[in-house]
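Engineer: Here you go, one structure.
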Amino acid sequence: MLICGGSMEVRCKLFMGTLKKAVLDWFSGLLDRSITDFDVFSRLFMAQFATNKKKPPITSDLFDLKQQREESLKDFLQRFNEVALKIASLDERMAVIAFQKGLRSGAFDIALERANCQTMSEVRAFALSHIKTEEGQINKRAAESRE
């Protein structure tokens, strides 16, 4: 909703129509005439909802990511990268360790440990090579089963 012109009183009344869910419930629960102007409303609003702002992820959040049971390496790598890209000052070495710790145990996990990657770029390149080989094997088996 775009409000052009009008008095502050009109703007405040129209603003209420833009509120939804929790904010509307909070606003409706305020005492009558407790908001005398927009500055008062702004202070009350910020005091109530400033903590609801989602914090940007930090490197240690990567340790919470785990490869799910049926999740492919390709999907896990993509999900991991989506979070890593949101981190302002990514600690590369910690990201590598977090990625390794998040992997399910298996052939790739062992191979990655032996590869001794130092950066996420190295991990991505190594993983993409493994994914390409893995997908090639799947396609080959599918072709053989059709014969």
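Engineer: Just 62, 19, 103 to compare: in a GNM of the chain, with alpha carbon springs under 10 Å, which one fluctuates most?
Structural biologist: Most flexible of the set in this elastic network: 19.
Engineer: I need the shape label for the range 69-122. Rule: rounded when a/c is under 1.5, else prolate if a/b > b/c, else oblate, with a, b, c from the alpha carbon gyration tensor.
Structural biologist: Oblate shape, in that a/c is at least 1.5 and b/c is the bigger or equal ratio.
Engineer: How much length, in nm to one decimal, is gained on full extension between residue 37 and residue 21, taken as 0.36 nm per residue of separation minus their Cα-Cα distance?
Structural biologist: 3.5 nm
Engineer: Something else: Report the paramagnetic label zone for residue 61: residues of the range 91-109 whose backbone N is under 12 Å from a point 7 Å from Cα along the Cα-to-Cβ axis.
Structural biologist: none
Engineer: From the backbone phi of the range 70-84, what are the Karplus-calculated ³J(HN,Hα) couplings (6.51 cos²θ - 1.76 cosθ + 1.60, θ = phi - 60°) in whole Hz, Gly and Pro given as x?
Structural biologist: Calculated HN-Hα couplings, in order: 9, 7, 6, 4, 4, 5, 5, 4, 5, 5, 4, 5, 4, 6, 4 Hz.
Engineer: Could you work out which residue, out of 54, 101, 74, moves most in a Gaussian network model of the chain, that is, has the largest mean-square fluctuation with Cα springs under 10 Å?
Structural biologist: Sorting by GNM fluctuation, first place goes to 54.
Engineer: Related question: Could you work out [θ]222 nm for the chain from helices alone, using -39500 (n - 2.57) per DSSP H run of at least four and dividing by all its residues? Round to the nearest 500 deg cm²/dmol. Can you show the working numbers first?
Structural biologist: Working: 7 runs with 88 residues, N = 147.
For the chain, the value works out to -19000 deg cm²/dmol.
Engineer: Something else about it: Could you go through the range 88-102 in sequence order and give the Karplus-derived ³J(HN,Hα) for each residue, using 6.51 cos²θ - 1.76 cosθ + 1.60 with θ = phi - 60°, rounded to whole Hz, and x for Gly and Pro?
Structural biologist: 4, 10, 5, 8, 4, 5, 5, 5, 4, 4, 4, 4, 4, 5, x
Engineer: Right, here's the next one. Between 32, 64, 75, which gets the highest mean-square fluctuation from a Gaussian network model of the chain, Cα cutoff 10 Å?
Structural biologist: 32
Engineer: Between their Cα atoms, which of 20/66; 20/86; 20/55; 55/132; 21/101 are more than 32 Å away from each other?
Structural biologist: Pairs exceeding the cut-off: 20/66; 55/132; 21/101.
Engineer: Can you give me the relative contact order of the range 59-146 as a percent, contacts being Cα pairs under 8 Å and 6 or more apart?
Structural biologist: The normalised contact order for the range 59-146 reaches 33 percent.
Engineer: Quick check: pseudo-label points 7 Å beyond the Cα along Cα→Cβ at residue 28 and residue 81, how many nm apart are they?
Structural biologist: 4.5
Engineer: Next question, about the same structure. Could you tell me how many degrees, from 0 to 90 and to the nearest 10, lie between the Cα long axis of helix 38-49 and the main elongation axis, the longest principal axis, of the Cα atoms of the chain?
Structural biologist: The angle comes out near 30 degrees.
Engineer: Could you give log10 I(q)/I(0) at q = 0.13, 0.15, 0.20 Å⁻¹ for the range 33-147, computed by the Debye formula over C-alpha point scatterers of equal weight, without solvent?
Structural biologist: For the range 33-147, the Cα-only Debye profile gives -0.62, -0.73, -1.06.
Engineer: Residue separation times 0.36 nm, minus the C-alpha to C-alpha distance between residue 88 and residue 53: what's the value?
Structural biologist: Full extension from residue 88 to residue 53 adds 10.9 nm.
Engineer: Which length gain, in nm to one decimal place, applies between residue 101 and residue 128 when the Cα-Cα distance is subtracted from 0.36 nm times their residue separation? Before the final figure, lay out each step's value.
Structural biologist: Numbers: separation 27, 0.36 × 27 = 9.72 nm, distance 1.81 nm.
That pair, residue 101 and residue 128, stretches by 7.9 nm at full extension.
Engineer: A follow-up question, please. Rounded to the nearest Å, what's the spacing between the alpha carbon centres of the range 86-143 and the range 46-63? Just the number, please.
Structural biologist: Cα centroid of the range 86-143 versus Cα centroid of the range 46-63: 28 Å apart.
The numbers here are math on the coordinates, done by the rules we state, and not lab data. Just so it is clear, the structure is predicted and the values come from calculations on it, not from any experiment. All Cβ positions, glycine included, derive from the backbone under ideal geometry; neighbour counts span all protein chains shown.
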